[in-house]
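Notes follow the structure.
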C-alpha cells in the first residue's frame with residue numbers, strides 16, 4: 001500500500017502564509033476528511049499538495065512512498081500518483097476531455113481511454129454526450145464536479161485530493177459520487193484527502209479520520225463522529241466566531 | 001509604379017466594358033495616394049514598406065510542380081466538391097464541374113453573357129489597392145447561382161500565386177551583391193478577382209484558397225472578392241490564405257445580405273510576411289444576418305492584420321463576429337473592427353468578440369474594437385482580450401500529469417479548434433485543423449526551445 005506523508009507543511013499564497021504547519025499521513029485505501037470554517041486554509045492546503053503556481057511551500061515536505069514532491073511542478077506530482085479534483089474545475093475551450101486524458105495517460109494504456117471514460121461516466125450518471133465536449137465548456141457546476149470524478153476514475157491515481165467535491169451536487173449526485181470514490185479505495189487502493197463542509201459526503205464515503213483545520217493548522221482529529229458533531233455545533237469549540245470567516 | 005502602366009492595364013483581355021473599366025480604374029488609381037500608416041485604417045501595419053515598383057503584374061499561367069501538388073492535396077482533402085476553379089496569378093486556367101447543377105454559372109465573365117456591372121456592385125469605391133485590382137486583374141472568377149438552387153457541396157476556388165525567390169534571378173549570388181533583389185519583372189504581383197452571386201432563396205458554400213510556394217519568395221497578392229446573398233438566400237464563404245513566408249497579402253472581401261438572407265464568412269490567415277484581410281459585411285435587407293469569423297496564427301516575424309466592418313443598413317438585422325488569433329516568435333497581429341448601425345436600422349443586434357493569445361516574449365497583439373451607432377433601439381456588444389495562455393487552464397491540464405509544453409499545445413490548439421469547428425464550410429475543417437496544427441507545433445516547439453535556453457542561461461548565470 002502507498003503512503004502519502006505530509007510533514008510540517010507551511011504554504012503561502014501571494015505574500016500571506018495560509019497553511020501554517022500541517023502534518024498528515026494517509027495510507028492507501030484510507031479516507032481522510034479535512035473540515036474547517038471558510039478561510040481556514042483548506043483550498044490552499046489542497047493546492048499546496050498539488051503544486052499550483054503561486055502557492056508556495058515555505059517549509060515542510062510532501063512525500064508519496066518516500067518520494068519528495070515539494071519542488072516538483074504539478075505535472076510531475078500527478079505522474080507520481082497525485083490527483084486534485086478542483087473546487088471550481090476550469091473550462092478549456094477546444095480541448096476535448098478524451099484528448100486531455102489520452103495525453104495524460106500517454107504511454108500508459110491511452111488506447112483504452114474511450115472505453116474507460118464511458119464506463120466511469122456510466123458509473124456516476126455523467127451524460128455520455130459530455131465526453132465529446134471540450135473540458136467543462138457549457139457544463140453546469142454539478143456536471144463539472146462529476147467530470148472531475150470521471151477523470152479520477154480513468155487516471156487511477158494513488159492519492160486524490162478532493163476540494164469540496166460535494167458542493168454543487170444534488171443529493172443523488174453526492175451519493176453516486178461518494179459511492180464511486182469509496183469503491184476506488186478498495187478497487188485500486190485509492191487514498192483520499194477530502195476537503196468538505198458537509199457531513200453528507202460521508203454517508204457513502206467511509207471516513208477513516210476527520211481533521212479540523214483552523215487558521216492553517218489541523219487542530220483536532222477524530223473518527224467519523226467528529227464530522228457529525230462539527231455539522232451540529234460548528235467550529236465555536238475551536239475558537240471560531242459564529243459565521244466567522246476565520247482568522248486567515 | 002514602373003510596371004503598373006496604363007498600357008499594361010489596357011493589354012489585359014475581356015469584353016469591351018471590362019477593358020473600359022480597367023482603364024478608368026487606372027486613371028483613378030494614378031490620382032490616388034497609396035495607403036499610408038498615417039491613416040487610421042492602416043495604423044499598426046507595415047504598409048509604408050510596400051514598394052509597388054518592386055513588383056510587376058504577373059502574366060504567368062503555369063501552375064508548376066508545386067502548384068499541381070498543392071491542387072492535388074486540396075482535391076484529396078475536399079473529396080465532395082461541386083466545382084473546382086483554378087487560377088494562377090489571377091489568370092483563370094481551369095474550371096471543373098462535379099455535379100454542379102446546369103443552371104449554375106461558373107467560370108469567367110463570359111458566364112454572365114453581356115451583362116455589365118458585375119464588378120463593383122457590392123464593393124463600390126474602395127482604396128488604391130482595390131483600384132489596383134480593378135485595373136490589373138486579368139480575369140474574374142464568377143459563380144452565379146440562380147434563384148432557389150441548393151448546392152450541397154462546396155465550390156472551391158484555388159488561387160495559386162507565384163513568388164520569385166529572393167536574390168538575383170539572372171545571376172547567381174556573388175561577392176558584392178549578396179542581397180541584390182530580383183529584377184522587378186521577376187517579382188510577381190497577382191490580382192485575384194472573384195464574384196459570387198446567390199439568387200433568391202438559394203444556398204451555397206464557397207471556399208477560396210490563396211496559396212503559393214512554401215518558404216521565402218517575394219510576391220504581392222491583392223485579392224478582391226465580392227459576395228452577394230439575395231433575399232432569403234444562405235451564403236457560406238471561407239477563405240484560407242497559405243502563401244509563403246515572404247509574400248504580401250492584402251485582401252478585401254465585400255459582402256452584402258438581402259432581406260432575410262444569412263451570410264457567413266470565415267477568413268483564415270496563416271501565410272505571408274504581411275497578411276491583411278478586410279471583410280466588410282453589409283446587412284442590407286430587413287431581417288438579414290451576417291456571421292463573420294476570422295482566425296490568424298503568427299509565426300516568425302509575420303504581421304497579421306484583420307479588419308472587419310459589420311454594417312447595418314436595415315431594421316431587425318443581426319451580426320455576430322468572432323475573431324481569434326495567436327502570435328508567437330516576433331510576430332504581430334492587429335484586429336480592428338467596426339460595428340456600424342445606420343439610421344433606420346432599428347432593432348439591430350451586433351456582437352463582436354476578439355481573443356488573442358500572445359505566445360512569445362517578442363510577440364505582440366493589438367485589438368481595437370469600435371462602434372458607430374446612429375440609431376437608439378439597438379443592442380451592440382464587444383469584447384476583446386490579449387494575453388498569454390491562461391495560467392489556470394495550464395495548471396488544470398498539468399494537474400492531470402500533462403507536461404507544460406504539451407499542455408500549452410493542447411490549449412492553443414483548442415483555442416483555434418474552438419473557431420475552426422465553427423467553419424461555415426464544414427468540409428474545410430480537417431484541412432484547417434492540419435494547417436493550423438502543423439504551424440502551431442513548429443511555433444510552440446520554438447517557443448519552448450527559447451524558454452529552455454533562457455532557463456539554462458539563467459541557471460548558468462545564477
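We did not get these values from a lab; they are worked out from the coordinates using the rules stated. All figures in this text were calculated on a predicted structure; none of them were measured in a lab. Note that we place each Cβ from the backbone using ideal geometry, even for glycine, and neighbour counts take in every protein chain shown.
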Calculate the spin-label point distance for residue B:361 paired with residue B:392, positioning each point 7 Å from the Cα along the beta-carbon direction, and give it in nanometres. 2.8
Gaussian network model of chain A, springs between alpha carbon atoms under 10 Å - residue of A:74, A:160, A:104 with greatest fluctuation: A:104
Given the Cα-Cα distance of residue A:72 and residue A:241 and 0.36 nm per residue of separation, how much length would full extension add, in nm? 57.1 nm
Looking only at chain A, where both bridge partners belong to it, what percent of the DSSP beta bridges are antiparallel (to the nearest 5)? 60
Stretch residue A:106-residue A:167 to full length: gain in nm at 0.36 nm per residue minus the Cα-Cα span? 18.8 nm
Relative contact order of chain B, please, whole-number percent, based on alpha carbon pairs below 8 angstrom and at least 6 residues apart. 10
Can you give the angle from 0 to 90° between the axis of helix A:141-155 and the longest principal axis of chain A, with both taken from C-alpha atoms, to the nearest 10? 70
Do the sum for chain B: with -39,500 (n - 2.57) for every DSSP H run of n ≥ 4, divided by all residues, what is the mean residue ellipticity at 222 nm, to the nearest 500 deg cm²/dmol? -7000 deg cm²/dmol
Plugging the Cβ-Cβ distance of residue B:286 and residue B:49 into 1/(1 + (r/R0)^6) at R0 = 35 Å yields, to the nearest 0.05, a FRET efficiency of 0.20
Mind telling me which of A:16, A:180, A:129 comes out most flexible in a GNM of chain A, alpha-carbon contacts under 10 Å? A:129
Specify whether the C-alpha gyration tensor of chain A places it in the rounded, prolate or oblate class, a ≥ b ≥ c being the square roots of the eigenvalues: rounded for a/c under 1.5, otherwise prolate if a/b is larger than b/c and oblate if not. prolate
If the label point is 7 Å along Cα→Cβ of residue A:65, which residues in region A:160-179 have backbone nitrogen under 17 Å from it? A:160
Sequence-separation-based contact order of chain A, relative, with Cα cut under 8 Å and 6+ spacing, percent: 28
Estimated inter-spin distance, residue B:27 and residue B:301, nm [label 7 Å along Cα→Cβ]: 4.2
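Computed FRET efficiency, Cβ-Cβ of residue B:16 and residue A:132, R0 56 Å: what is it to the nearest 0.05?
That pair, residue B:16 with residue A:132, gives E of 0.45.
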Going fewest to most other Cβ atoms within 10 Å around each Cβ, B:323, B:380, B:161 line up as B:380, B:323, B:161
Against the longest principal axis of chain A, how steep is helix A:171-187, in degrees 0 to 90 to the nearest 10, with axes from Cα atoms? 80
How would you classify chain B from its alpha-carbon gyration tensor, with a ≥ b ≥ c the square roots of the eigenvalues: rounded for a/c under 1.5, else prolate if a/b is greater than b/c, otherwise oblate? oblate
Whole-Å distance, taken between Cα centres, linking region A:38-102 and region A:171-248: 20
Under 10 Å, Cα contacts only: if you run a Gaussian network model on chain A, which one of A:192, A:70, A:33 comes out with the highest mean-square fluctuation? A:70
If you average the sequence gap of Cα pairs under 8 Å that are 6 or more apart and divide by the length of region B:262-406, what percent do you get for the contact order? 20
One finds, for residue B:36 and residue B:147 with R0 = 35 angstrom and r their Cβ-Cβ distance, a FRET efficiency to the nearest 0.05 of 0.20
With a/c under 1.5 counting as rounded, go ahead and sort region B:276-359 into rounded, prolate or oblate using the C-alpha gyration tensor (a ≥ b ≥ c being the square roots of the eigenvalues; past the cut-off, prolate if a/b is larger than b/c, else oblate). prolate
Need one number: nm distance between label points at residue A:233 and residue A:5, each 7 Å from Cα along Cα→Cβ, rounded to one decimal. 3.4
Taking every residue in A:86-94, how many Cβ atoms of other protein chains lie within 10 Å of its Cβ, on average? 6
